[in-house]
1. Go through 184, 141 for me and flag whichever is farther than 23 Å from residue 88 by Cα and at pLDDT 95 or above.
2. Would a scan of the stretch 191-203 turn up a residue that is on the phi < 0 side of the Ramachandran plot, in a loop (DSSP other than H, G, I, E, B) and surrounded by 16 or more Cβ atoms within 10 Å (Cβ to Cβ)?
3. Kindly indicate which of 133, 138, 168 is surrounded by 18 or more Cβ atoms within 10 Å (Cβ to Cβ), in a loop (DSSP other than H, G, I, E, B) and under 18 Å from the mean Cα position of the chain (by Cα).
4. Do the conditions hold for residue 171, that is, is it touching a residue at least 12 places away in the same chain (Cβ under 8 Å), in contact with a helix residue (DSSP H, G or I) (Cβ under 8 Å, 6 or more places away or on another chain) and within 22 Å of residue 243 (Cα to Cα)?
5. Starting from residues that are surrounded by fewer than 24 Cβ atoms within 10 Å (Cβ to Cβ) and in a loop (DSSP other than H, G, I, E, B), keep the ones in the stretch 12-33 and report whichever is modelled with the lowest pLDDT.
6. Which of the helices (runs of 4 or more DSSP H) contained wholly in the stretch 219-262 include at least 1 residues that are in contact with a strand residue (DSSP E or B) (Cβ under 8 Å, 6 or more places away or on another chain)?
7. Do you know which residues across the stretch 45-69 are over 20 Å from residue 20 (Cα atoms), touching a helix residue (DSSP H, G or I) at 6+ places or on another chain (Cβ under 7 Å) and not in a helix (DSSP H, G or I)?
């Protein structure tokens, strides 16, 4: 099956783009094709994938335009290592697109409509959402089959997750999505074992999520090498393949591969 994964969080700096990029690379290593869709006006995926800044005509804004004819503006990345990863870039033009979505009669369903009318044939499509609970994450949610939530191990981020869960529940109910996108789970991110507060939060989160029948994936460790790798437009696997954090994505990758194989 084709998996459309919405990576969403209402907290800035939670690691959405880092998670999206590394899952894309992990999946493509196993021979599957991936499309990364950037819904962030900051255009972080362009930096993390080593791509230049696009013109408005070469961004997701063109896809959401009323005159879109099906020619998806996809750019390949890491081409010296793989031909399996394409990116639909974001950028500041999406700020204007946000306003247009709010006024459109099919607003929340625009992205889902584009996939219905002009489908992509990738095995996995990843929506990298901005750190808001506005129109852009909403159109990603409506187009998704699955949801993944990265969360920083900080009290403010953990508390904000309850608001996110409320938003997910209400949005799915109001949009009447059939079938509803499945919440794959939470991903504790930027974990520093030297910090007692983070250790305590990491110990508490899995049990709380288990009570709500929500999966908690193993934590992604904190490392300056993630920043160094993104500055080079590379996933950590290509920047420093021996780094132990490369293994932190395997549990999520395994679940995604099982879904794709269905």
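The values are calculated or read from the model by the stated rules, or taken from the named source; none is laboratory data. All values reported here derive from a predicted model rather than from experimental measurement. Glycine also receives a Cβ, built like all others from the backbone with ideal geometry; neighbour counts cover every protein chain displayed.
1. None of the others qualify; the one that does is 184.
2. no
3. 133
4. So residue 171 does not fit the description; no.
5. The residue in question is 12.
6. So the answer is 250-261.
7. Scanning the stretch 45-69 gives a single hit, 68.
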